[in-house]
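Engineer: Below is a structure I'd like to ask you about.
Just so you know, all these numbers are worked out from the coordinates, no wet-lab data involved. In this text, all values refer to a predicted model and were calculated from it rather than measured experimentally. Glycine also receives a Cβ, built like all others from the backbone with ideal geometry; neighbour counts cover every protein chain displayed.
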Amino acid sequence: MNFRQHFCYTFFSCFLTGCLGVHSQQNPRPLPQDPLVQVYFNHTESSQYQDLQQQQRNGDDLEQKIIAAISASKSSVDVAVQELRLPKIAHALVERQKAGVKVRVILENTYNYSLEAAKAGKTARETAKYNELRKLSDRNQDGQLSAEEIQQGDAVLILSNAQVPVIDDTADGSKGSDLMHHKFIIVDDRTVIVTSANFTSSDIHGDITNPQSTGNANNLVQIDSPKLAAIFTQEFNLMWNSDRAFGVKKPYRLPQQVQVGNTTIDVQFSPTSPTSHWSQSTNGLIAKTLSKSSQSVDLALFVFSDQNIANTLEQQSIHNVQIRAVIEPDFIYRSYSEALDMMGVSLSNKCKVEANNHPWSSPITTVGVPQLFKGDLLHHKFAVIDKNMVITGSHNWSEAANTSNDETLLVIHSPTVAAHYQQEFERLYANAQLGVPERLQQKIQKAQKQCVKG
């Protein structure tokens, strides 16, 4: 039985036994979209598309949404993304530049290289990235790369050969900022795309070298608003124009609010200098938004390590706000994870507990890890508040995202938009493993014994 047959068998078995909980309907109907603020998820069960292997799968094709927006451009396309490896996106940008559209691209410096300049890295992650890049370029899948395959399949080289203007965060003469982590596009000074996904196979479709992968869980929001586009263009130009400001070299940017039809959107960019008051930062905006909750907060997060946000959530929990969370398995049980606080436990690192660590006095049991296919990550960075507000963007809930990285944070006030994120949360939560697992309890006990002996 191959993987896809196994998946179908498992799904059908769960359908009969009810183990999918809220997923008892195999193909739920697509939810209504706000015409000006449209939301998509690469794992949604309400739509299907053909992946890179031409296999039918559940999900919205985030790559095609990006290409469609680029292809519709008439005057300008600005792209700021940590990593761009999908050749079809590169070809779409080249085609628009040839048509007279002004195209500009900003990348993170550690990913601004072509296959010709790349080498298998020293770490497993670097090697995996290199192998994925080779596989994407190997069109006939014979294990060998011809010059033509490289020319057509290497996204960074495609842009370079067409002389599409590309810079990265070393353009200011430095060795690079902590992380140019933005993932946004501005089209014709009107359309804005903000996503949690890098423009890679692994973040959108699945690891091309791993047939069991269906891609890291990610979301994309497309917004039609000249006012919002102007705000994003200001952020882009800070990095692009003569100042070439990245990271903490940028001036402080206040949160800004725009009205998009019936939807209110708050936007703020990080980083905020550590010398500024925390409440003025992007993490401060997250906490401020969470503090408005009166009924529920549902979290789907890659990383959660900000103590002040956790303290805000505890206060909301004390006031009977129902809090649920699914967090990426690679990070949830680390010593700095605020999920541990929420579950009322702490884990030392070399017998040291992080400063101001505060396990909740009334722990909750609604925190856990989603069930993902091998190789896939929960890469979302969103929260749904009272089913009518959403926090989303490229911004992880961490100190680095707050005070070091170039990041985008959106707060969208819309029950229509929130319904889409709520559906994605319920999909992830339905089969999540909740609470403190036995292996974590054993790890905590072992650390405690070792520290007592020390």
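Engineer: Determine the shape class of the range 301-393: with a ≥ b ≥ c the square roots of the Cα gyration tensor eigenvalues, call it rounded for a/c under 1.5, and otherwise prolate if a/b is greater than b/c, oblate otherwise.
Structural biologist: oblate
Engineer: Which net charge results for the neighbourhood of ALA229, defined as the other residues with beta-carbon distances under 10 angstrom from its beta-carbon, given Lys and Arg at +1 and Asp and Glu at -1?
Structural biologist: -2
Engineer: Among the listed pairs LYS183/LYS292; LYS288/LYS387; LYS352/LYS446; LYS98/LYS227, which have their C-alpha atoms separated by more than 19 angstrom in this model?
Structural biologist: LYS183/LYS292; LYS98/LYS227
Engineer: Compute the separation of the alpha-carbon centres of the range 381-454 and the range 172-205 and state it in Å as a whole number.
Structural biologist: First find each Cα centre; the distance between them is then 21 Å.
Engineer: Continuing with this model, one more query. For the chain, what does the helix formula give at 222 nm: sum of -39500 (n - 2.57) over DSSP H segments with n ≥ 4, over the residue count, nearest 500 deg cm²/dmol?
Structural biologist: Value at 222 nm, helices only: -9500 deg cm²/dmol.
Engineer: Would you work out if the range 31-245 is rounded, prolate or oblate? Take a ≥ b ≥ c from the square roots of the eigenvalues of the alpha-carbon gyration tensor; rounded if a/c is under 1.5, else prolate when a/b is larger than b/c, oblate otherwise.
Structural biologist: Since a/c reaches 1.5 but b/c is at least a/b, the shape of the range 31-245 is classed as oblate.
Engineer: Further question on the same structure: List the residues, sorted by chain then number, that are 5 or more residues from ARG85 or on another chain and whose placed amide H is less than 5 Å from its amide H.
Structural biologist: PHE199, THR200
Engineer: Continuing with the same structure: What is the ratio of the Cα radius of gyration of the range 60-99 to 2.2 N^0.38 Å, where N is its residue count, to two decimals?
Structural biologist: Normalised Rg, Cα atoms only: 1.10.
Engineer: Are there any trypsin sites (Lys or Arg not before Pro) in the range 148-231 that are in a DSSP loop and have at most 11 other Cβ atoms within 10 Å? List them by number.
Structural biologist: Sites meeting the loop and neighbour criteria: LYS175.
Engineer: Could you tell me which trypsin sites (Lys or Arg not before Pro) in the range 237-293 are loop residues by DSSP with no more than 14 other beta carbons within 10 angstrom of their beta carbon? Spell out each step's value before the answer.
Structural biologist: On the way: sites: ARG244, LYS249, ARG253, LYS288, LYS292; in loops: ARG244, ARG253, LYS292.
Answer by residue number: LYS292.
Engineer: Relative contact order (percent) for the chain, with alpha-carbon contacts under 8 angstrom and 6 or more residues of separation?
Structural biologist: Numbers: 947 pairs, mean separation 72.2, N = 454.
Averaging sequence separation for qualifying contacts and normalising by length gives 16 percent for the chain.
Engineer: Suppose R0 equals 45 Å. What FRET efficiency, 1/(1 + (r/R0)^6) with r the Cβ-Cβ distance, do ASN349 and LEU254 give to the nearest 0.05?
Structural biologist: 0.80
Engineer: If you don't mind, there's one more thing I want to ask. Where q = 0.23, 0.32 Å⁻¹, what log10 of I(q)/I(0) comes from the Debye formula for the range 172-217, counting one point per Cα?
Structural biologist: Rounded to two decimals, the profile gives -0.85, -1.04.
Engineer: Per residue and in Å³, how big is the convex hull formed by the alpha-carbon atoms of the range 236-293?
Structural biologist: 80 Å³
Engineer: Run down the aspartates and glutamates and flag those whose C-alpha is under 16 Å from the C-alpha of LYS102, throwing out any fewer than 8 positions away in its chain.
Structural biologist: Once the sequence-local aspartates and glutamates are set aside, what remains near LYS102 is ASP78, ASP188, ASP189.
Engineer: For the chain, just run the numbers: alpha carbon Rg, then divide by 2.2 N^0.38 Å, N being how many residues it has.
Structural biologist: In units of the 2.2 N^0.38 Å rule of thumb, it is 0.97.
Engineer: From Cα coordinates alone, what are the radius of gyration and Dmax values for the range 198-301 in angstrom?
Structural biologist: For the range 198-301, the Cα radius of gyration and maximum Cα-Cα distance read 17.3, 47 Å.
Engineer: Which whole-number percentage describes the relative contact order of the range 371-454, with Cα contacts under 8 Å and a sequence gap of 6 or more? Walk me through the numbers before you get to the answer.
Structural biologist: On the way: 71 pairs, mean separation 21.8, N = 84.
Computed over the range 371-454, the figure is 26 percent.
Engineer: Need the full-extension length gain, GLN212 to SER160, defined as separation in residues times 0.36 nm minus the C-alpha distance. One decimal, nm.
Structural biologist: 15.4 nm
Engineer: Follow-up. Return the percentage of antiparallel bridges among DSSP beta bridges fully within the chain, rounded to the nearest 5 %.
Structural biologist: 70 percent
Engineer: Per 5 Å bin, what percent of the C-alpha pairs of the range 253-454 does each bin hold, from zero upward?
Structural biologist: Result returned by the calculation: 1, 8, 15, 19, 20, 16, 10, 6, 2, 1, 0, 0, 0.
Engineer: Something else about it: Taking 0.36 nm per residue of sequence separation and subtracting the Cα-Cα distance, how much length would be gained by fully extending the chain between SER279 and SER294, in nm to one decimal? Numbers along the way, then the final one.
Structural biologist: Values: separation 15, 0.36 × 15 = 5.40 nm, distance 2.05 nm.
That pair, SER279 and SER294, stretches by 3.3 nm at full extension.
Engineer: Calculated FRET efficiency, GLN315 and SER242, Cβ-Cβ r, R0 35 Å, to nearest 0.05?
Structural biologist: Working from the Cβ atoms, E equals 0.20.
Engineer: Now a separate question. Explain nothing, just the number: dipole magnitude of the range 171-318 about its Cα centre with +1 on each Lys and Arg Cβ and -1 on each Asp and Glu Cβ, in debye rounded to the nearest 20.
Structural biologist: Around 320 debye, computed over the range 171-318.
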